[in-house]
Amino acid sequence: MEHVVIVGASLAGLNAAETLRSEGYTARITLIGDEHEDPYDRPPLSKQLLTGEWDADRLPLRTTDELADLNLDLRTGRRATGVDSANRVLHLDQDESLDFDGLIIATGARPISLPFGADLDGVHTLRSRSDALRVRSDLEASRRVAVIGAGFIGAEVASSARARGLDVTMIEALSAPMLAPLGEELAKWAKSLHQEAGIHMRFNARVADLLGDRRVEAVVLEYGSRIEADTVVVGIGVRPNVEWLADSGLTIGDGVICDQYCRAAPMIYAAGDVARWPNGLFAHFRYASPQRTMRIEHWTNAVEQGMAAARNLILESRGKPLEAFAPVPYFWSDQHGLSIMASGITSPRDEFRLVHGSLDANRFAAIYGLRGHLTGVVAVGWPRMLRRYQALIRDQVTWEEALATAEEIER
Ligand SMILES: Cc1cc2nc3c(=O)[nH]c(=O)nc-3n(C[C@H](O)[C@H](O)[C@H](O)COP(=O)(O)OP(=O)(O)OC[C@H]3O[C@@H](n4cnc5c(N)ncnc54)[C@H](O)[C@@H]3O)c2cc1C
């Protein structure tokens, strides 16, 4: 293998490049990213950057020296426009093409926008460093903020805006924040958390329009009620960046469809938010999608899958057996000074049990089960408990075994 191309110069792509080097691949690596910055971190964009605790100079994932040591041909501000997977050619903007021996696709995801209001000043989605700097500068000059969508990003933006002392309204189509990933009981807890922090809430509410002349002035809900706002942040989910792969010969669905090795085609892999693959650890459950595949939009997965894809590319190039990628997914979210940590599959589920601590004290661990097995855990203020149950999920214990462990811990 003489040339590996990685598309997406962010978390998954960078970790893939580092792994190629640490596994002994010394030949050419081209890392292509359409953003202009060197790889930077996204979690602080909705947290420390918005509250003003951090400046953008703390965002880079690696120092200039660390990047130089990787000896990459790093091309920022360049967009991949297509792949010919049969002939192993990558097409770039500016009419350039690159032959490759191995390809890793790590193009992530982008926010979904509302079908109206995007041209009004003060209306934002949040994915990139420049998005976050624009939101921050608007928050600095605002009094009233509306956050549309109470998923993790929306809930974090609401929390950060509130920490700045702003008047914040959270608007959500479902009946509570983070309902899909946490389930009813914990979503109810999350609702009180935001309420106690002084955030106004509009649940079961659909946004019909955004009003304003040049700048946004109000959010209009179905049935006509109106919420005044000088800044609106829309956090209604993301879509994987796959359109550029339409004629690639690869299978594209909601993501780049891969096998259990993160492989989309011979010598072509995908990793991070853009990759959809069957996680063998959960193969016996009905979960996530009818194809029993997962696409994970979290930091730790981007790191681990970037590394796994790179390792398997090297193994394939050496004619060695590949290693299945079967992690217990993990993520965290910081809201109102608490860190919500979750691992495994927390929704949909058949079983839920608060096993340690109390919701009122904002310190607890709760577990989730599917078809008689432990599948997920959520912990707040208790990282040790999260790790404990995460290990049990990895060991594929039954629901009864998980409950027995919980009882033993409580004794
Ligand atoms: C505001 C925010 C807060 C978050 N907070 C948390 C958190 O608290 N906890 C957690 O677990 N996760 C969090 N996440 C999620 C986490 O950051 C992502 O899962 C992670 O960034 C995914 O990494 P990635 O490399 O797969 O994709 P991305 O980070 O999306 O990177 C993909 C890169 O590819 C580029 N690209 C796309 N198409 C092309 C193309 N055709 N050519 C060239 N380049 C292209 C993109 O511009 C981008 O730079 C957060 C995300 C955001 C946006």
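Rounded to whole Å, give me the distance from the Cα center of segment 122-180 to that of segment 21-82. With segment 122-180 and segment 21-82 each reduced to a Cα centre, they are spaced 25 Å. The alpha-carbon of residue 188 sits under 12 angstrom from the alpha-carbons of these aspartates and glutamates, leaving out residues fewer than 8 places away in its chain: 360. Near the amide H of residue 239, within less than 5 Å, lie the amide hydrogens of 110, 112, all on another chain or at least 5 residues away, with H placed in the peptide plane.
Comparing 356, 298, 386 along the charge dipole axis of the chain, the residue lying farthest to the positive side is 356, per the Cβ-charge model. Coupling constants for segment 122-139 follow from the phi torsions by the Karplus curve (6.51 cos²θ - 1.76 cosθ + 1.60, θ = phi - 60°), and in residue order they are x, 9, 9, 10, 9, 9, 10, 4, 5, 4, 5, 5, 5, 4, 4, 5, 5, 4 Hz; glycine and proline get x.
Rounded to the nearest 0.05, what FRET efficiency do residue 134 and residue 247 give with R0 = 22 Å and r taken as the Cβ-Cβ distance? Could you check? About 0.05, to the nearest 0.05. Estimated from helices alone, the mean residue ellipticity of the chain at 222 nm is -7500 deg cm²/dmol (sum of -39500 (n - 2.57) over DSSP H runs with n ≥ 4, per residue). Under a 5 Å amide H cut-off, with hydrogens placed 1.01 Å from N, residue 262 pairs with 325 among residues at least 5 apart or on other chains. The phi-based Karplus calculation (6.51 cos²θ - 1.76 cosθ + 1.60; θ = phi - 60°) puts the 3J(HN,Hα) values of segment 73-86 at 8, 8, 10, 8, x, 10, 10, 7, 10, x, 9, 9, 6, 5 Hz, whole numbers, x for Gly and Pro. Taking 0.36 nm per residue of separation and subtracting the current Cα-Cα distance, fully stretching the chain between residue 338 and residue 192 would add 51.2 nm.
Centre-to-centre, using Cα atoms only, segment 205-250 and segment 362-378 are separated by 33 Å. Remark: 89, 380 ranked as 89, 380, counting other beta-carbon atoms within 10 Å and listing the fewest first.
Fully extending the segment from residue 56 to residue 209 would add 51.8 nm, taking 0.36 nm per residue of separation and subtracting the current Cα-Cα distance. Rounded to the nearest 20, the Cβ-based charge dipole of segment 113-234 about its Cα centre (Lys and Arg +1, Asp and Glu -1) stands at 200 debye.
Taking all Cα pairs closer than 8 Å and separated by 6 or more residues, the relative contact order of the chain comes to 15 percent. Between the residues 210, 186, 148, the greatest Cα displacement towards the positive end of the dipole of segment 113-234, with unit charges on the Cβ of Lys, Arg, Asp and Glu, is found for 186.
Placing +1 on the Cβ of every Lys and Arg and -1 on the Cβ of every Asp and Glu, with no other charges, gives the chain a dipole of roughly 820 debye about its Cα centre.
A simple rule links phi to the HN-Hα coupling: the Karplus curve 6.51 cos²θ - 1.76 cosθ + 1.60 with θ = phi - 60°, which for segment 154-162 gives x, 5, 5, 5, 4, 5, 5, 5, 5 Hz, with x for Gly and Pro.
The ranking of 343, 137 from fewest to most other beta carbons within 10 Å of each one's beta carbon is 137, 343.
Cβ under 14 Å from residue 305's Cβ, residue 305 left aside: what net charge do those residues give with Lys, Arg +1 and Asp, Glu -1? Summing Lys/Arg as +1 and Asp/Glu as -1 gives -2.
Bear in mind these aren't lab numbers, they're just calculated from the coordinates by the rules spelled out. A quick note: this is a predicted structure, and the numbers were derived from the prediction, not measured. As a convention, Cβ positions derive from the backbone with ideal geometry for all residues, glycine included, and neighbour counts pool all protein chains shown.
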